[in-house]
Structure formats: structure tokens, C-alpha cells
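The block underneath contains the structure these notes are about, expressed in C-alpha cells.
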Amino acid sequence: MTQEPFLRTFRPDRPGIRKILGDLEAEIMEYIWSRPAEQGVTVREVYEAFCAKRHIAYTTVMSTMTRLAKKQVLRASTEQTAYVYFPTMSADALLSHVAGRMMEDVLLHFSEALQGPAAEPETLERARSLLEEITARRKQQGGT
């Protein structure tokens, strides 16, 4: 079972996947997602693809891909003497996952805030209902 991606940054002013990943992380993931998921990719392959477009150090690509693996966006597998990286989910699934997690956090916080003496029962019940609905949908989609 794949662990849940660990992404806590959200930049609403950025486009697409850059809302949750840095620019180089996003570029690397876009390259990886453009290939068949089951194929995997090595640091060397990504480095050579990027080197053709711009000046970048091999170690920069390597540390960025290692960081993406620590965030559970990539999964590393050892083949012969090299690590081969695979995406843990598609770009759409990753964005959906992060958005769902954020909504859960907001609704949970909202629900906890409404538990005071001034809370209106209808508002509290609606917040709980939304939280349960989001949680159920995430479980159906294979989230945690």
C-alpha cells in the first residue's frame, strides 16, 4: 500500500500542480507523468532530458527527486545499480487528494470551533455531514 503524499504547501495563485509543488518539482513530475507510469525513470534520464533545455546540475535533479520520494509523490525502486522512480499517483489524483485533505482539515477545524456554547446545531450538523461525505468519497477513491 502506498503511503499518503506529504504535501502541506498550497499556493492558490499558482497554476495547476505548482499550487502544491515547487517549480522544479513540478517540472520533473510533469516530465515523469508524460511517460507511461509503469515505465519508471532514473535520475540520469531526467537529467539528460532537462540538460538539453537548460543548464542544471545532476545533483540538483537527484536531490529534487529524492525530496519528491520523501513526500511520497514518487516511489523509488532499486534496479541493478540505479534507483528507478515511479509516480505514486496521476497529477489529477494528486491535486484531488490534496484538495480533499485540505477540505477535511478546514471542516474539522470548523467543526471543532462550532462546539462552543454559541454553536447553532444546524450549522454544526451540516459541517459534520460535509466532513463525513468527503471522508467517505476519499475512502472510495482509495485515499486515507
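Structural remarks
- Some residue of segment 8-19 being without any contact (Cβ under 8 Å) to a residue 12 or more places away in the chain, surrounded by 12 or more Cβ atoms within 10 Å (Cβ to Cβ) and basic (Lys, Arg): yes
- Selection count, segment 60-83, where residues are farther than 13 Å from Leu24 by Cα and either part of a helix (DSSP H, G or I) or among the hydrophobic types (A, V, I, L, M, F, W, C) (or both): 6
- Subset of segment 74-92 [without any contact (Cβ under 8 Å) to a residue 24 or more places away in the chain and touching a strand residue (DSSP E or B) at 6+ places or on another chain (Cβ under 9 Å)]: Ala76, Thr78
- Criterion (surrounded by 16 or more Cβ atoms within 10 Å (Cβ to Cβ) and either of a type outside the set (Gly, Ala, Ser) or at pLDDT 90 or above (or both)) met by exactly one of Thr144, Thr135, Thr78, Thr123: Thr135
The values are calculated or read from the model by the stated rules, or taken from the named source; none is laboratory data. The structure displayed is predicted, hence computed values, not measured ones. Glycine gets a Cβ as well: all are built from the backbone with ideal geometry, and neighbour counts include every protein chain shown.
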